[in-house]
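Structure first, then comments.
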Amino acid sequence: MTTSFSNVTLVDHPVVARDLTILRNKNTPPPIFRSALGRIAIILAYHSLKGLPLKKVKVDTPIEVTDGFELDTEIAVVSILRAGLGLVDAVMQFIPEARVGHLGMYRDEVTHQPIDYYSKIPRNIDRHHVLLVDPMLATGGSATDSITFLKSKGAKNIRFMCLISAPEGIHRIQETHPDVSIITAAIDERLNDDAFIVPGLGDAGDRIFGTI
Ligand code: PRP
């Protein structure tokens with residue numbers, strides 16, 4: 001399902017709605033949080049991988065040779081640490097051969113600006129379709145800086161997969177990187193004074209890893 005935002009896919013599915021409620025609940029403990037996130041991530045990944053280029057190949061079935069397909073691109077999944085780690089496995093279930101990159105970034109609690117502390121991305125990133133993943137799109141600072149970094153390394157085909165987004169973050173990506181499509185399970189109301197998504201689910205990294 002698309003939204004009033006251009007280039008944004010809002011994934012609408014009963015399992016997503018049910019699991020999002022589990023994730024939003026402040027009493028959900030980390031093991032249950034991780035399993036609900038994993039289920040949603042599979043549905044998000046399915047939508048995020050739509051439209052990838054294919055090439056025709058011949059396949060020899062036990063009966064006869066017929067037409068088949070292979071992906072006609074390399075795929076990289078790039079996780080914005082820490083919380084993006086919670087989405088990587090789902091993508092790997094569809095694309096086991098995907099290369100995995102990591103961008104270490106945390107948001108300064110006072111300025112809300114992203115601070116980068118680590119990066120390791122696959123070689124020849126220009127040859128890959130890149131799926132950048134992070135559960136939360138708040139101000140959009142982390143995502144836009146990550147996309148800028150990936151482009152500086154040559155990435156051209158980038159999609160951003162997230163769980164919950166704020167309108168502010170969507171606008172920021174669209175202004176800075178209009179070529180990047182966004183796949184999300186929810187578009188929430190707004191940001192509060194601490195730049196947390198309202199209603200959101202709190203700090204996804206802390207809730208995944210039990211560091212609250
Ligand atoms: C959170 C979240 C995003 C970022 C979103 O990470 O996982 O990476 O903030 O905010 P933004 O859109 O305003 O940049 P956080 O800084 O809490 O780091 P963590 O994943 O290590 O907990």
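Tabulated data for the structure shown
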| read-out | value |
| --- | --- |
| Descending semi-axes in Å of region 134-204, equivalent ellipsoid built from Cα gyration tensor | 22, 11, 10 |
| Cα-based Rg and Dmax for region 1-116, where Dmax is the largest Cα-Cα distance (Å) | 18.3, 65 |
| 10 Å Cβ shell holding at most 15 others, DSSP loop, GluC sites (Glu not before Pro): longest site-free stretch of the chain | 110-188 |
| Heavy-atom accessible area per residue - the chain, 1.4 Å, Å² | 52 Å² |
| Where labels lie 7 Å past Cα in the beta-carbon direction, separation of residue 193 and residue 26 in nm | 1.7 nm |
| Carbon plus sulfur fraction of accessible area for region 8-209, probe 1.4 Å, in percent | 52 percent |
| Residues residue 6 and residue 55, FRET efficiency given R0 of 25 Å [Cβ-Cβ distance, rounded to 0.05] | 0.30 |
| Semi-axis lengths (Å, descending) of the ellipsoid that matches the C-alpha gyration tensor of region 8-209 | 30, 20, 15 |
| Accessible surface of residue 148 - all protein chains present, 1.4 Å probe, nearest 10 Å² | 70 Å² |
| Rounded tilt (10° steps) of 14-24 against the dominant C-alpha axis of the chain | 40 degrees |
| Among the listed pairs 55/156; 55/120; 120/153, those beyond 22 Å (Cα-Cα) | 55/120 |
| Among beta bridges that DSSP assigns inside the chain, antiparallel share in %, nearest 5 | 35 percent |
| Within a Gaussian network of the chain (alpha carbon springs, distance under 10 Å), most fluctuating of 43, 125, 115 | 115 |
| Within a Gaussian network of the chain (alpha carbon springs, distance under 10 Å), most fluctuating of 69, 160, 33 | 69 |
| From the C-alpha gyration tensor of region 53-166, square roots of 5λ in Å | 33, 14, 11 |
| Simple Cβ-charge dipole of the chain, Lys/Arg +1 and Asp/Glu -1, about Cα centre, in debye nearest 20 | 300 debye |
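The values are calculated or read from the model by the stated rules, or taken from the named source; none is laboratory data. Remember, predicted model here, so these are calculated numbers, not experimental data. Ideal geometry is used to build each Cβ from the backbone, glycine not excepted, and the neighbour counts take in all protein chains shown. Surface areas here come from the heavy atoms of the whole protein model, side chains and all, with no ligands, DNA or RNA. Shrake-Rupley method; radii C 1.70, N 1.55, O 1.52, S 1.80 Å.
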